[in-house]
Amino acid sequence: MDPSFYLTLSRKDYPNSIIWPGHFTPVPVYSFQWVEEDLFNYLRCPRALELNVLIPQTSEFAAFVAKYLSLLAYLINYSGLALTNSSSYANLNIAYRICDCILCEEAVGLPLSLWASNITQRCHEFLSDRYGQYRGIRSNSVYNGINIGEESRRTFSGKLIWEILDRFQAKLDNHFNPTVNPWINEKVYHVYSAHDTSLMQFSSVLGFNTVNFEADLEPDTSDALTMEFWVDENDNSTVIKVLHFRRDNLIPLDISKLIPGCENTSDGCSLEQFAAKSEPYRIIGTFNEFCASSIYSTPEFKISSKH
């Protein structure tokens, strides 16, 4: 539940409900100090913040705001919250807080008021669109000479996709010659644990124009994605299998051949093919160096002839 919805009111706990996440100890599988986290921590990346300033200026974003003004009016009418800003863009943050609260309560099986249950699907659509816009996932805009979709993929997700691909390459080299990269010899499982927005951004960097891979509503709680690296024992060919674990499906979905650029392969993209399609999103140099550079200073995603 988003506690910000309740402002200064005390939070209600459900101590005897096994479905309520009240008393538990999280086990971190990826733990760094906030100032050291450099895979998805755009809040400490000036380049990403610069991109976040640019995105709301596009006509696409203006259309998104206009699309959900009726939802905002409905939520204000029933929730009792008041508009606090003359900007429609800023006021949509109120809709976000209310919808996020409604959907969190729905997810853990808490009873909803009729007005809230009537709007859950619209809230799902709004949150999905909101993330798709704020992260440039659905953007086809070139604004101020910047290809927002491509720049967003590199800025928000480039570090993580190449963290994975570089590890695959290191494992492959070690497989053929154990004296190369001996540090990875015994390692077989690498985990990054984060938020639903992490999956959304990763969906984008894989090439989907959606916030949730083969689907287009925001990921559910406990959703996950795995990338498996396979090497054929006969011809040493490689394939990257991508499985989408969804809360609403007991069997993980193999989306290896749904990934743009991998559709016409037999089982999924090879490591070489995956690296080639991801090359535009590789970050050269350190994360801090990349973040210190302006989106206007690098030419890769400036306006191209196809636009």
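All of the numbers you see were taken from the coordinates with simple rules; none came from a lab. No experiment lies behind these values; they were computed from the predicted model shown. So basically every Cβ, Gly included, is an ideal-geometry build from the backbone, and we count neighbours across all protein chains shown.
Can you give the FRET efficiency to the nearest 0.05 for Glu279 and Leu81, using r as the Cβ-Cβ distance and R₀ = 51 Å?
Values: r = 46 Å, r/R0 = 0.90.
Efficiency computed from Cβ-Cβ geometry: 0.65.
So, by mean Cβ neighbours within 10 angstrom, what's the order for 268-279, 283-294 with the highest one leading? Mind showing how you got there, number by number?
Working: 268-279: 17.8, 283-294: 13.2.
Those peptides, ordered most packed to least, come out 268-279, 283-294.
List, in order, the whole-Hz ³J(HN,Hα) value for each residue of segment 111-120 obtained from phi through the Karplus relation with A = 6.51, B = -1.76, C = 1.60 and θ = phi - 60°; use x for Gly and Pro.
Calculated HN-Hα couplings, in order: x, 10, 5, 4, 4, 6, 5, 6, 10, 4 Hz.
Calculated FRET efficiency, Asn264 and Tyr89, Cβ-Cβ r, R0 41 Å, to nearest 0.05? Spell out each step's value before the answer.
Working: r = 41 Å, r/R0 = 1.00.
Calculated value: 0.50.
Which entries in Lys171/Lys257; Lys67/Lys257; Lys187/Lys241; Lys67/Lys277 show an alpha-carbon gap greater than 29 Å?
Working: Lys171/Lys257 23 Å; Lys67/Lys257 33 Å; Lys187/Lys241 18 Å; Lys67/Lys277 33 Å.
Too far apart for the 29 Å limit: Lys67/Lys257; Lys67/Lys277.
Binned at 5 Å from 0, what are the whole-percent values of the Cα-Cα distance distribution for segment 65-140, short to long?
3, 15, 28, 24, 17, 9, 3, 0
Got a sec to turn the phi values of segment 151-162 into Karplus ³J(HN,Hα) couplings, 6.51 cos²θ - 1.76 cosθ + 1.60 with θ = phi - 60°, whole Hz, x for Gly and Pro?
5, 5, 4, 6, 5, 8, 9, x, 5, 6, 4, 7
Considering only Ile240, Pro260, His175, whose Cα is most displaced toward the positive end of the charge dipole of segment 162-280, charges sitting on Cβ of Lys, Arg (+1) and Asp, Glu (-1)?
His175
How do the peptides 241-251, 209-219 rank, highest first, by the average count of neighbouring beta carbon atoms within 10 Å per residue?
On the way: 241-251: 13.8, 209-219: 19.5.
Top of the packing list down: 209-219, 241-251.
Taking only Cα atoms of segment 157-285, what ratio of Rg to Rh do you get with Rh as the Kirkwood inverse-distance radius?
On the way: Rg = 14.9 Å, Rh = 15.5 Å.
With Rh from the inverse mean 1/r over Cα pairs, Rg/Rh is 0.96.
Output the peptides 152-163, 69-80 sorted from most to least packed, where packing is the average of other Cβ atoms within 10 Å over each peptide's residues. The partial results should precede the final answer.
On the way: 152-163: 23.1, 69-80: 15.3.
Packing proxy ranking, top to bottom: 152-163, 69-80.
Where Lys and Arg each count +1 and Asp and Glu each count -1, what net charge lies around Trp230 among other residues with Cβ under 13 Å from its Cβ? Mind dumping the intermediate values first?
Working: positive: Lys171, Lys241; negative: Glu228, Asp232, Glu233, Asp235, Asp254, Asp267.
Residues near Trp230 contribute -4 overall.
Can you compute the FRET efficiency between Glu106 and Glu163 using 1/(1 + (r/R0)^6), with r the Cβ-Cβ distance and R0 = 35 Å? Round to the nearest 0.05.
0.55
Give, rounded to the nearest 20 debye, the magnitude of the charge dipole that segment 157-285 has about its Cα centre when Lys and Arg contribute +1 at Cβ and Asp and Glu contribute -1 at Cβ.
On the way: 10 positive and 20 negative charges, 68 e Å.
Approximately 320 debye in magnitude.
So, in nm, how far is label Thr120 from label Tyr189 when the simple model puts each one 7 Å beyond its Cα toward the Cβ?
Distance between the two pseudo-spin positions: 3.3 nm.
Quick one: which residues, 5+ away or cross-chain, put their amide H under 5 Å from the amide H of Leu225? H built at 1.01 Å from N.
For Leu225, whose amide H was placed from the backbone, the distant partners under 5 Å are Phe245.
If you stretched the chain out fully between Val180 and Ser113, how much longer would it get, using 0.36 nm times the residue separation minus the C-alpha to C-alpha distance? Intermediate results must be reported in sequence, preceding the final value.
Details: separation 67, 0.36 × 67 = 24.12 nm, distance 6.08 nm.
Fully extending the segment from Val180 to Ser113 adds 18.0 nm.
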